[in-house]
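The values are calculated or read from the model by the stated rules, or taken from the named source; none is laboratory data. All values derive from a computational prediction rather than experimental measurement. Here the Cβ positions follow ideal geometry from the backbone for every residue, glycine too, while neighbour counts run over all protein chains shown.
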Amino acid sequence: MKRIAVLMFVAAMAAPGAFAQADAEEQVRQAERERLAALTSSELAVLERYLSDDLLYTHSSARVETKEEFLAALRSGELKYEAMNHEDLKVRVYGDTALLTGRSAVRVRSRGQENNLQIRFLAVYVRKAGRWQMAAWQSTRFPQP
């Protein structure tokens, strides 16, 4: 009986941390869903709120852009994300930092040319003032058949 009470106490003490972890993971997933919706609908004012001021965005072509450069390319129409559909999404939270990994089917128009890509990606989110923002993006293309 004493063992059961001890196990129940340990489980009760561990549960709040597990719930907080699951809540943070869901918050990051939600931020990513909202970021993608803003990105693919060209709602740049909304998108900007999900990007950290010190963002480094590494495209699958290896081109690296700051937040300002990335948004400027979207505003000018040089770059337009028409669809981005994530799969195999995994979130790992470490305090105020979260790693988001997965695969995505991307339809993007770059300099007037439409590209359909399959990528694997890593997004780094940071929690600032209670809000999750993407601080880094790195993607790699799957080889074309």
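Within segment 55-80, being within 15 Å of the chain's Cα centre (by Cα) and assigned to a strand (DSSP E or B) holds for L55, L56, Y57, T58.
Against the numbered list (1) within 19 Å of K67 (Cα to Cα); (2) surrounded by 15 or more Cβ atoms within 10 Å (Cβ to Cβ); (3) of a type in the set (A, V, I, L, M, F, W, C), L122 comes up short only at (2). Checking the stated criteria, A98 turns out not to satisfy the condition of being of a type outside the set (S, T, N, Q), loosely packed, with under 14 Cβ neighbours inside 10 Å and either outside any strand (DSSP E or B) or at pLDDT 95 or above (or both). Inspection of segment 61-69 finds no residue satisfying the criterion of being among the basic types (K, R) and within 16 Å of A37 (Cα to Cα). Taking the criterion of being touching a residue at least 12 places away in the same chain (Cβ under 8 Å) and more than 16 Å from W137 (Cα to Cα), the residues of segment 41-73 that qualify are S42, L44, V46.
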